[in-house]
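Derivation of every value follows stated rules applied to the coordinates shown; laboratory data play no part. As the structure is a computational prediction, the values presented were derived from the model and not from experiment. Quick reminder, even Gly has a Cβ in these numbers, built from the backbone with ideal geometry, and neighbours come from all protein chains shown.
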Amino acid sequence: MHIHSPHFIVVTDRGALRAGWIQPAPHQQLPATSLKRPASIQRRPSIRWVEDLAFVHPRQHLVEQLSDMAGAYSAAASAGGQPRRLPSSPSETHWKIAADRQAVEDLAHAATAVLFREKPESWSLSAPADIHLALLDALPSVCRQRLEKILPKNLARSTVESIVQHFLSP
């Protein structure tokens, strides 16, 4: 699979979306006396970010989303024992599933908006392995048709060099 330069990328996790263009390394003419460029002067591809969104809701714990008792511990902790979190209830599991669905929907809407605004010929996506298929399903077909590469990895907090390396490697 050949990646065109510049290439548009969308990098997400549950609570963030970054989108931008991978810019090829600029070519610089070397003096005729120079045989090769020293490693310290070599240019690398860069990313021109056009969107950087953070969604607070998916990063909150369920207790923080549903009540004002964030970080509450069980009653057993007051008896001098070690503090411990209460076990998950079926309703808490339901809320976690609903929160994941909402996070994927928010990411899909944000990605669609930036793709329609930037109008890339093709693009690539990086999303955590546990939500990348749901995110693909939530995108409109016109966006999926132009998708060139998908990485089931969480690169949202990675360095620019690492992101470029993941997208440009075969």
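Excluding same-chain residues fewer than 8 positions from K96, which aspartates and glutamates have a Cα within less than 20 Å of its Cα? Of all the aspartates and glutamates, those that pass the test against K96 - Cα under 20 Å, at least 8 places apart if same chain - are D13, E64, D68, E105, D106, D130, D137.
Available extension along the chain between A129 and D52 is 25.7 nm, counting 0.36 nm per residue and deducting the alpha carbon span. Taking amide hydrogens as placed 1.01 Å from N in the peptide plane, the amide H of Q23 sits under 5 Å from those of S46, I47, R48, each at least 5 positions away in sequence or on another chain. Here's how it looks for L125: its modeled amide H is under 5 Å from those of V10, K149, I150, L151, which are all 5 or more places away or on a different chain.
Computed extension gain for H109 through I97, at 0.36 nm per residue and net of the alpha carbon distance, reaches 2.5 nm. Taking label points 7 Å from Cα along the Cα-to-Cβ direction, V142 and T159 give a separation of 3.9 nm.
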